[in-house]
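**Q** Quick one: the structure is below, questions incoming.
The values are calculated or read from the model by the stated rules, or taken from the named source; none is laboratory data. What you see is a predicted model; the values in this text were computed from it and never measured. Virtual Cβ from ideal backbone geometry, glycine too; neighbours counted across all protein chains shown. Accessible surface areas use protein heavy atoms only, side chains included; no ligands, DNA or RNA. Shrake-Rupley method; radii C 1.70, N 1.55, O 1.52, S 1.80 Å.
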Amino acid sequence: MASDNSTSNKMWGGRFASGPDAIMEEINASIDFDKALYNEDIDGSIAHATMLAEKAIISKEDAGSIIEGLTTIRREIEAGDFAFSRQLEDIHMNIEARLRELIGPAAGRLHTARSRNDQVALDFRLWVKKELQRTEAALTRLIGVFLTRAEEHADTVMPGFTHLQTAQPVTFGHHCMAYVEMFGRDRARVRHAIEHLDESPIGAAALAGTGFAIDRHMTAAALGFSGGPTRNSIDTVSDRDFALEFLSLASICATHLSRLAEEIVIWSTPQFNFVRLSDSFSTGSSIMPQKKNPDAAELVRAKTGRINGSLVALLTVMKGLPLAYSKDMQEDKEQVFDAARSLDLAVAAMTGMVGDLTVNMDAMKAAAGSGFSTATDLADWLVREAGLPFRDAHHATGAAVALAEKKGCDLAELSLEELQGINQAITAGIFDVLTVEASVASRKSFGGTAPDEVRKQIAWWRERV
């Protein structure tokens with residue numbers, strides 16, 4: 001019995017106008033997102049056509065027509081006058097079809113000695129390289145903002161935390177420099193990623209190279225690949241390490257941004273009151289007029305989930321693929337494009353937030369002395385001045401903390417007699433180290449929180465930024 005076409009359509013999928021062909025078009029087409037690669041595709045094609053003509057594989061006249069046509073197409077796309085077609089699947093075929101309309105049969109010579117496999121590898125690699133360069137510049141701006149805040153607050157005392165409990169006094173400048181180090185590592189990862197991907201895939205063809213006498217070094221140089229052409233055609237068309245590396249460094253950077261966002265959310269609460277965000281990066285409540293919500297920081301924190309998800313998604317796509325190219329790899333670009341947009345926005349938002357937030361130095365200083373934050377200074381003094389073994393000094397300090405807690409006062413408010421009742425070796429000199437200012441000033445070890453040491457680290461970074 002013949003099947004009813006309408007029944008068949010329902011079996012294949014409800015929203016498709018016809019059966020398998022419509023579904024295949026929907027799953028196969030990538031033009032909706034890979035049209036973002038038009039610049040890279042045109043640049044690669046111009047370099048390829050130029051090389052083909054130089055090697056006498058195509059005529060100089062045909063190459064000239066091809067380059068002129070590609071230049072026209074670029075202008076059409078940038079002007080919004082280009083008609084993208086889903087029937088033509090991807091950006092490569094859309095451009096090639098339009099080129100044939102513009103210059104005729106000579107357009108067909110452009111695809112000599114290349115495949116869509118090495119073409120898409122080239123386009124995507126060029127796009128990721130440019131995005132990495134944008135990310136490097138954005139991170140440099142963010143580091144610069146933190147250096148400025150660190151300079152302003154090299155002497156501003158605040159509590160340092162472990163387990164989100166007051167641990168020891170530090171300076172806000174020192175805390176800012178912690179993020180300089182973190183984002184500095186992110187920037188270094190970006191630079192390494194650029195170095196790793198800086199090889200040209202074009203000329204690998206489908207997977208085995210080509211029998212035409214092409215010059216891959218020429219196209220690599222024309223496209224700005226400092227590492228020359230890739231060295232194995234099979235790996236070239238199946239490699240997406242550069243995309244995974246971008247997503248990996250993006251995830252690490254987003255994690256740093258998220259940690260910073262969390263601190264800003266905490267610090268901006270009335271309970272902490274360490275910082276106040278500007279109106280540019282806050283919102284109000286629809287019902288509570290007193291509220292000022294750190295929405296920008298919260299959204300930066302949330303973007304980390306999207307970026308991490310993109311990394312996991314592409315790792316999962318790639319994990320089971322045999323060499324060389326498989327259509328699964330079409331799923332790479334949306335993940336990278338989305339992560340790149342999210343990271344760009346998060347870095348820019350955080351640069352703005354850090355740049356114009358107001359620091360409440362009085363609240364920071366008041367909190368810096370809470371929780372007996374100078375207890376370690378008391379223990380260190382007993383070791384350094386009284387010659388006690390550290391474990392004995394630790395025990396004596398614990399007894400002093402217990403006494404201060406019982407009396408409801410700070411360590412510096414205990415009398416000399418009370419402290420000597422704990423250990424006779426204690427002298428009046430102990431009071432020189434029990435203030436938060438003395439505590440931070442004493443931390444002069446390399447990389448410590450002493451204001452002069454913080455300024456040295458700022459100067460070191462200034463030379464490199």
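**Q** When ligands, DNA and RNA are left out and all protein chains stay put, how many square angstrom of accessible area per residue does the stretch 367-463 have with a 1.4 Å probe?
**A** 53
**Q** While we're here: Within the accessible area of the chain, what % is carbon and sulfur when the probe is 1.4 Å and the other protein chains stay in place?
**A** The value for the chain is 53 percent carbon and sulfur by accessible area.
**Q** A further question on this structure: Hydropathy first: keep DSSP H helices in the chain averaging at least 0.0 on Kyte-Doolittle, then drop any whose Cα extent along the axis falls short of 15 Å, and list what survives.
**A** Helices meeting the span and hydropathy rule in the chain are 91-103, 241-267, 295-318, 332-356.
**Q** While we're looking at this one, here's another question. Output the peptides 156-166, 381-391, 301-311 sorted from most to least packed, where packing is the average of other Cβ atoms within 10 Å over each peptide's residues. Provide the component values of the computation, followed by the final result.
**A** Working: 156-166: 17.0, 381-391: 15.4, 301-311: 19.3.
Sorting 156-166, 381-391, 301-311 by mean packing, highest first, produces 301-311, 156-166, 381-391.
**Q** What number comes out for accessible area per residue over the stretch 128-366 if the probe is 1.4 Å? Units Å², please.
**A** Details: 10690 Å² over 239 residues.
Computed with neighbouring chains in place, this is 45 Å² per residue.
**Q** Once the piece of chain linking ASP344 and GLN133 is laid out straight, how much longer is it, given 0.36 nm per residue of separation minus the C-alpha distance between them?
**A** Taking 0.36 nm per residue and subtracting the Cα distance, the gain is 74.8 nm.
**Q** Have a look at HIS395, HIS48, GLY69 and report the one farthest towards the positive end of the charge dipole of the chain, computed about the Cα centre with Cβ charges (Lys/Arg +1, Asp/Glu -1).
**A** HIS48
**Q** Where only protein heavy atoms count, and the probe is 1.4 Å, what is the accessible area per residue for the stretch 22-109 in Å²? Before the final figure, lay out the partial values.
**A** Details: 4100 Å² over 88 residues.
Value returned for the stretch 22-109: 47 Å² of accessible area per residue.
**Q** About the Cα centre of the chain, what is the dipole size in debye to 20, counting +1 per Lys and Arg Cβ and -1 per Asp and Glu Cβ, all else neutral?
**A** With only Lys, Arg, Asp and Glu charged at Cβ, the dipole is about 160 debye.
**Q** Right, something else. Two decimals is fine: what's Rg over Rh for the stretch 22-109, C-alpha atoms, Kirkwood radius as Rh?
**A** That ratio is 1.01, to two decimals.
**Q** If you don't mind, another one. Pick out, from VAL145, PRO169, GLN119, the residue whose Cα sits farthest towards the positive end of the charge dipole of the stretch 64-172, with +1 on the Cβ of Lys and Arg and -1 on the Cβ of Asp and Glu.
**A** GLN119
**Q** Here's something else I'd like to know. When the Cα centres of the stretch 154-176 and the stretch 304-377 are compared, how far apart do they sit, in Å?
**A** 23
**Q** Report, in debye and to the nearest 20, how large the dipole of the stretch 128-366 comes out about its Cα centre when Lys and Arg carry +1 and Asp and Glu carry -1 on their Cβ.
**A** 200
**Q** Less than 10 Å Cβ to Cβ from VAL317, Lys/Arg counted +1 and Asp/Glu -1: what total charge do the surrounding residues give? Display every interim value, and only then the final one.
**A** On the way: positive: ARG240, LYS319; negative: ASP328, GLU331, ASP332.
Neighbourhood net charge equals -1.
**Q** Now, a different point. Roughly how many debye, to the nearest 20, is the charge dipole of the stretch 74-190 about its Cα centre, given +1 on each Lys and Arg Cβ, -1 on each Asp and Glu Cβ, and no other charges?
**A** Charge dipole of the stretch 74-190: 440 debye, to the nearest 20.
**Q** Moving on to the next point. Any chance you could check the Cα centroid distance between the stretch 207-280 and the stretch 409-465 for me, in angstrom?
**A** The stretch 207-280 and the stretch 409-465 have Cα centres separated by 41 Å.
**Q** I need the per residue convex hull volume for the stretch 290-334, using only the alpha carbons, in cubic angstrom as a whole number.
**A** Looking at the stretch 290-334, the number lands at 61 Å³ per residue.
**Q** May I pose another question? Could you work out the percent of alpha carbon pairs in the stretch 323-465 separated by over 25 Å, rounded to a whole number?
**A** Summing the P(r) of the stretch 323-465 above 25 Å gives 53 percent of all pairs.
**Q** Right, next: Simple spin-label model, 7 Å along Cα-to-Cβ: ASN39 to ARG384 in nm?
**A** 5.5
**Q** Net charge around PHE390, counting only other residues with Cβ within less than 15 Å of its Cβ (Lys, Arg = +1; Asp, Glu = -1)?
**A** Around PHE390, the charge tally is -2.
**Q** Filter the cross-link list LYS55/LYS129; LYS35/LYS55; LYS129/LYS333; LYS60/LYS130; LYS55/LYS130; LYS303/LYS333 down to pairs whose alpha-carbon distance in this structure exceeds 20 Å.
**A** In this structure, LYS55/LYS129; LYS35/LYS55; LYS60/LYS130; LYS55/LYS130 exceed 20 Å between Cα atoms.
**Q** Largest first, please: the extent of the C-alpha atoms of the chain along each principal axis, to the nearest Å.
**A** 99, 57, 41
**Q** Shifting gears a bit: Taking the Cβ of ALA459 as the center, what net charge do the other residues with Cβ under 12 Å away carry, scoring Lys and Arg +1 and Asp and Glu -1?
**A** Charge balance in the 12 Å sphere: 0.
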